[in-house]
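Below is one structure; the comments refer to it alone.
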Amino acid sequence: MDLRCAAASLADDEPLAGTAPTDRRWLFLEQPGPWGRKALRESRLPESARAHLAGLRDVRVQLLRRPGARTPLPGEVTPARVVVAHLDDGEAPRLWSATLPSADAVTGVDPHDPEGSGLLPHRDDAEPLWLVCTNGSRDLCCAELGRPVAAALAARWPEGTWETTHLGGHRFSGTLLALPSGLALGRVGADDAVAVAEAVVAGALPPGRVRGSAGRSAPEQVAELAVRERLGLAHDVPLAVSLEALPPPRAEVHAEGRQAAGQAEGEAEGQAEGQAEGQQAVLRVVDPAGAFVATVHLSSTVAPRLGSCGDTRAKPATSWHADHVQLDRGGETR
């Protein structure tokens, strides 16, 4: 069996913190499949739906399907669930959803105005949503590790569990996005998926499974997690995170191999590999209730890694680390 990127990442002890998606607004649309590598373009969505979704700005679009869902026959029209998530930094995540008569009805959905589009807010008594990355056309680890996770969660939360097309970080499979918490999780297995999810429902941060809060930048995710772990805070306790200082960024290739804008691949990778000491950042984490202010000093390292099973060679990837947390509670610095 060929080397899998998830096994390589685990063997390398690559940090999970700071690898959650940074997108703040999401639209998920049910489309049972099959999915291609470029799922939106290569799926069997009606052309009207595909054009509408492709034209959205500042919105991440994902496709959904139920674990084990039957593929519709050619020309068959089926209802489609649509979910919109706002993971705006500094605010509690907000969700809206509806069941559309067909996938092409998504043309009437504006993810920036979900209630105006007829979507209903997520009820407090509704099942949490578990969105598990399972698109094997994009990465083998997502299918091999993600689908058993989705099946395990579906047995516990049949209405709340979905397979989805791409959450980034293939090498952290099985990966999932938990809503409404907004937590991105990785290295979840079928044997511990339910226990990990139940911990999230209880407000806990499952050790060794949290990538970060989706919607925040990588340094913000790491700073937030460092403070929560330091104080034992539940993930649903609101915290405000702001950047205090960060040197001007040098050329960098991110975890998924994406290049800095405007640079050729060889130039970007060569400069990233030269960042032996990475960067430094200082972030401020504030309890809006006034209980504390924390200053978090971070540093980054750049190391070559397999970003995906399809990679033929390792690519530079950045990891952020919380080096020091200075806590000020009621004027007392610790």
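The values are calculated or read from the model by the stated rules, or taken from the named source; none is laboratory data. Being a predicted model, the structure only gives us computed values, none of them experimental. Using ideal geometry, Cβ is built from the backbone for each residue, glycine included, and neighbour counts are taken over all protein chains shown. Each accessible area value is taken on the protein alone, full model and side chains, heavy atoms only, with ligands, DNA and RNA left out. Shrake-Rupley method; radii C 1.70, N 1.55, O 1.52, S 1.80 Å.
Listed values, structure above:
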| item | result |
| --- | --- |
| For Val61, residues with placed amide H under 5 Å, excluding near neighbours | Leu27 |
| Mean Cα-pair separation over length for the chain, i.e. relative contact order, pairs under 8 Å, 6 or more apart, % | 18 |
| Within a Gaussian network of the chain (alpha carbon springs, distance under 10 Å), most fluctuating of Arg44, Arg284, Arg123 | Arg123 |
| 3J(HN,Hα) from dihedral phi, the range 65-79, Karplus parametrisation 6.51/-1.76/1.60, rounded to Hz, x for glycine, proline | 7, 6, x, x, 5, 6, 6, x, 5, x, x, 6, 9, 10, x |
| Distant-in-sequence amide H partners of Ala80 (H built 1.01 Å from N, under 5 Å) | Leu100, Ser102 |
| Pairwise Cα inverse-distance average, inverted: Kirkwood Rh of the range 1-94 (Å) | 16.0 |
| Alpha-carbon Rg/Rh ratio, for the range 52-109, with Rh computed the Kirkwood way | 1.01 |
| Tensor-based shape of the range 59-217 (alpha-carbon gyration tensor, a/c under 1.5 rounded, otherwise prolate or oblate) | oblate |
| Pairwise centroid distance, computed over Cα atoms, of the range 35-56 with the range 192-214, Å | 31 |
| The range 224-237 - phi-based ³J(HN,Hα) in whole Hz, Karplus 6.51/-1.76/1.60, Gly and Pro as x | 4, 5, 4, 6, 4, 5, 4, 9, x, 7, 5, 6, 8, 7 |
| Per-residue HN-Hα couplings for the range 185-198 [Karplus 6.51, -1.76, 1.60; θ = phi - 60°; Hz; x = Gly/Pro] | 10, x, 6, 8, x, 4, 6, 10, 4, 5, 5, 4, 5, 5 |
| Thr134, Thr312, Thr71, ranked by accessible area, largest first (probe 1.4 Å) | Thr312, Thr71, Thr134 |
| Protein accessible area in the chain, 1.4 Å probe - carbon and sulfur % | 51 |
| Sorted peptide list for 222-230, 187-195, criterion being average Cβ within 10 angstrom, highest first | 222-230, 187-195 |
| Estimated FRET transfer efficiency (Leu327, Glu115; beta-carbon r; R0 45 Å; 0.05) | 0.70 |
| Debye intensity ratio I(q)/I(0), log10, the range 76-159, q values 0.18, 0.20 Å⁻¹ (C-alpha model) | -1.00, -1.11 |
| Selection from Pro74, Leu183, Gly278 lying farthest towards where the dipole of the chain points positive, charges on Cβ | Pro74 |
| DSSP bridge orientation in the range 1-89 - percent antiparallel, rounded to nearest 5 | 50 |
| Probe 1.4 Å, accessible area per residue of the chain, Å² | 45 |
